[in-house]
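Chemist: Questions regarding the structure given below will be posed in turn.
The values are calculated or read from the model by the stated rules, or taken from the named source; none is laboratory data. Treat the numbers as computed from the prediction; the structure is a model and nothing was measured. Positions of Cβ are backbone-derived with ideal geometry, glycine not excepted, and every protein chain shown enters the neighbour counts. Calculation scope for accessible area: heavy atoms of the full protein, side chains included, ligands and nucleic acids excluded. Shrake-Rupley method; radii C 1.70, N 1.55, O 1.52, S 1.80 Å.
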Amino acid sequence: WLNADVIHVGGSSHPDTPAFLDACGKFVAANPPFIVRYSLGWVTNDYAPWRRSSYTCAELHAMRELCKQATLPKQVTFAVRASYAAASLSDIHEHLLQPLSQANTGLTLWTGWEGVPTAELEHCRKRAEMLGFELHLDVDRGSKAPWYHPSRYLSKLFG
């Protein structure tokens, strides 16, 4: 997986995005046997994620436009902060995944230091299944609160 945060919160492109996509394209061209999945995300720089609850349409549109302009492999996942994604899944599907209409596109939910309640991860899994896109997890052990340990429940949720 080739991962980078390529869009800033608010919708502007990260200045290193063209160089990242160019380097990835060269790597893929030079190594044809490799199956590559791009993992593209948003720079959140958010140490207080509870101040915000979702991705905006402007941020989703910026990612979609970037993907349309770039030559991407068939497999792309969008790395989304789990605490934002739970409230954004319908918008992410409508404004990003559906318009791109690529097979093998999906989301990777990641958790920051804040963790995410297991119920929110389960909600995201059910919505992704209902909407018909891939869902991957990059889950931290969660915050220090005892009820915020999603990795403890992954086998129950997805096993």
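Chemist: Looking only at the range 88-97, which residues are of a type outside the set (Gly, Ala, Ser) and within 11 Å of LEU60 (Cβ to Cβ)?
Modeler: Within the range 88-97, ASP91, ILE92, HIS93, GLU94, HIS95, LEU96, LEU97 meet the criteria.
Chemist: Sticking with this structure for a sec: Under the condition of being open to solvent by less than 40 Å² (accessible area, probe 1.4 Å) and not in a strand (DSSP E or B), which residue from the range 97-113 is farthest from ALA128 (Cα to Cα)?
Modeler: If we filter the range 97-113 for residues that are open to solvent by less than 40 Å² (accessible area, probe 1.4 Å), which is where we start, we get 97, 100, 105-109, 111-112.
With the extra rule that they be not in a strand (DSSP E or B), the set shrinks to 97, 100, 111-112.
On the way: LEU97: 11, LEU100: 16, THR111: 17, GLY112: 20 Å.
Across the range 97-113, the extreme among qualifying residues is GLY112.
Chemist: So which residues in the range 80-96 are open to solvent by 10 Å² or more (accessible area, probe 1.4 Å) and among the hydrophobic types (A, V, I, L, M, F, W, C)?
Modeler: ALA86, ALA87
Chemist: Would you check if GLU122 is open to solvent by 20 Å² or more (accessible area, probe 1.4 Å), modelled with pLDDT of 80 or more and touching a helix residue (DSSP H, G or I) at 6+ places or on another chain (Cβ under 8 Å)?
Modeler: Values: open to solvent by 20 Å² or more (accessible area, probe 1.4 Å): yes; modelled with pLDDT of 80 or more: yes; touching a helix residue (DSSP H, G or I) at 6+ places or on another chain (Cβ under 8 Å): yes.
Spelling it out, GLU122 is indeed open to solvent by 20 Å² or more (accessible area, probe 1.4 Å), modelled with pLDDT of 80 or more and touching a helix residue (DSSP H, G or I) at 6+ places or on another chain (Cβ under 8 Å).
Chemist: Oh, and also: In the range 1-28, how many residues are among the acidic types (Asp, Glu) and buried (at least 18 other Cβ atoms within 10 Å of the Cβ)? Break it down stepwise before answering.
Modeler: Restricting attention to the range 1-28, the residues satisfying the condition of being among the acidic types (Asp, Glu) are 5, 16, 22.
Add one more test, that the residue is buried (at least 18 other Cβ atoms within 10 Å of the Cβ), and what stays is 5.
Counting residues in the range 1-28 that are among the acidic types (Asp, Glu) and buried (at least 18 other Cβ atoms within 10 Å of the Cβ) gives 1.
Chemist: Another question, if that's okay. Given (1) under 23 Å from ASP16 (Cα atoms); (2) free of Cβ contacts under 8 Å to residues at least 40 places away in the same chain; (3) of a type in the set (A, V, I, L, M, F, W, C), where does LEU97 come up short, assuming only one miss?
Modeler: Here LEU97 clears every test but (1).
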